[in-house]
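The values are calculated or read from the model by the stated rules, or taken from the named source; none is laboratory data. Remember, it's a predicted structure, so these values are computed and weren't measured experimentally. All Cβ positions, glycine included, derive from the backbone under ideal geometry; neighbour counts span all protein chains shown. The accessibility values were calculated without ligands, DNA or RNA, using every heavy atom of the protein model including side chains. Shrake-Rupley method; radii C 1.70, N 1.55, O 1.52, S 1.80 Å.
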Amino acid sequence: MERSYEIPYPELGSVLGEQEISVLSRLVTSGENLSGGRCREEFERCFREYLGVPHALSVTSGTVALEIAIRLLDLNEGDEVIATPQTYKASVQPLLNYPVKVRFCDVEPNTLNIDPGHFASLITSRTKAVILVHYGGLPCEMDSIMEIARRHGITVIEDCAHALGAEYRGRKPGALADIGCFSFHSSKNITTLGEGGMITLFDPALAERADRIRSNDADAVYREQARAIGKTTSAHPWMLHPGAAFTHDCSAIRYGGTNATLAEPNAAVGTVQLAKLGRLVSRRAEIAAAYTDVLKQYPGVRMHEGPEPVRHAHHLYTFFADPADGILRDRLVSRLDALGVQMQLRYFPMHLLAEWRARGHTAGECPVAERLWFEQQVNLPCHPAMTDLQVDQVVSRLNTVLGQEVRDTPIASGTTRTAEGWNR
Ligand SMILES: *Cc1c(COP(=O)(O)O)cnc(C)c1O
């Protein structure tokens, strides 16, 4: 039987209310075409303005946004892509469909974001792109990463699924590199009624391709000299007529399109949710500050933070328990669980998933990510619908368990641990 927790790990990352109901009821009774695009264009315009990017294309999920972004790379056999192992599988899963080599880049021990030094060391002449995640809503060290990427002509894809509401040196994730991918799944900082996503881009040609891919159009290279090409291909004779209205032809179809457009009700809710983002993220920040105030009093507890002040979107509240200081993470998590605080540890290192091990990836490839996940990472429930009472309960239970109970003699590295089912 499912256990019920006093403080469950959140399934909902946002709060829906009267405003969403009101735009939905207006739309549903309006007789408007619910695939029409009016609400979609409005949502995309607001998103572009919020982020300060020239192109924002809404799609049906964050996974689809990443799939399309990866398609835009035109990956060929032998090309290489660098990616973070500390993420949800959707960031890297599309790469399984390409004959490319993936190099997982180890993370920094305090941020769980890719380590710029390790990133630089993985670059070869075949590197086409890097896929990074602003883990938990804490922006990556983008100035260093972009400097390295630009020097080597590498496309940078930001997976911003956690980072809506964050800021890095006055700019927002999704506007810090070449392509940004967002998710509006129920669990994220805003939702478009359960599923949804956005791709942000700077390059108009890439934006045009992405737009064609998401709207059932073949992703092709169009050539001006249509008639000349037409003569050598299987065009219908009418297409070659000097007075023909048909003015373009394709010389190379890259891919067929798909339909990944966001429906109007989802987009309309997206616009309302985006307007609430500031409040939703401030509530997350309040909860995070309450946890941090307690945790920082305990030796051996390390906060999830970078070397410089940035605006953390607090999609996840993460901290690290250091076994060298005698805090046993698994015991800490079981004690909190027994006290009604549910835990879901995020995320199992990608390179150790079966699908990546089947492609030759092995333990030891990203030692920092591995050590942190297996021994140190803890995620606490943190979402805007939590009540003050629930926040106080988490705080008092942290105080309880961080006393004597979780402390023990340090465990030797390499000790066998029993999996207790926290990896959900
Ligand atoms: C949620 C998430 C995704 C996938 O988004 P969906 O909208 O659920 O498809 C991708 N990357 C990360 C890091 C995520 O957290």
message: I'm trying to understand the selection: among the residues of segment 144-164, which are in a loop (DSSP other than H, G, I, E, B) and either near the ligand (Cβ under 10 Å from one of its atoms) or crowded, with 24+ Cβ neighbours inside 10 Å (or both)?
response: 160, 161, 162, 163, 164
- line: Filter segment 165-192 for residues that are away from the ligand (no atom under 14 Å from the Cβ) and over 17 Å from residue 314 (Cβ atoms); the one that is most open to solvent (accessible area, probe 1.4 Å) is 169
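Rundown of residues vs (1) outside any loop (DSSP other than H, G, I, E, B); (2) modelled with pLDDT of 95 or more; (3) farther than 25 Å from residue 133 by Cα; (4) touching a Lys or Arg at 6+ places or on another chain (Cβ under 7 Å), yes/no style:
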site: 271; (1), (2), (3), (4): yes, yes, no, no
site: 276; (1), (2), (3), (4): yes, yes, no, no
site: 279; (1), (2), (3), (4): yes, yes, no, no
site: 286; (1), (2), (3), (4): yes, yes, no, no
site: 294; (1), (2), (3), (4): yes, yes, yes, no
site: 306; (1), (2), (3), (4): no, no, no, no
site: 319; (1), (2), (3), (4): yes, yes, no, yes
site: 334; (1), (2), (3), (4): yes, no, yes, no
site: 343; (1), (2), (3), (4): no, no, no, no
message: Restricting to segment 57-86, count the residues that are β-branched (Val, Ile, Thr), within 12 Å of the ligand (Cβ to nearest atom) and in a strand (DSSP E or B).
response: 1
query: Identify, please: which residue in segment 297-318 is surrounded by fewer than 23 Cβ atoms within 10 Å (Cβ to Cβ) and hydrophobic (A, V, I, L, M, F, W, C) and is, among those, farthest from residue 393 (Cα to Cα)?
result: 310
- prompt: Of the residues 171, 151, 214, 209, which single one is free of Cβ contacts under 8 Å to residues at least 60 places away in the same chain and not hydrophobic (A, V, I, L, M, F, W, C)?
  reply: 151
field: Qualifying positions in segment 98-133 - open to solvent by less than 40 Å² (accessible area, probe 1.4 Å) and free of Cβ contacts under 8 Å to residues at least 40 places away in the same chain
entry: 98, 100, 114, 116, 119
Single residue of 32, 49 found to be open to solvent by 20 Å² or more (accessible area, probe 1.4 Å) and in a loop (DSSP other than H, G, I, E, B): 32
Any hit, segment 233-245, residues being at pLDDT 95 or above and open to solvent by 60 Å² or more (accessible area, probe 1.4 Å): no
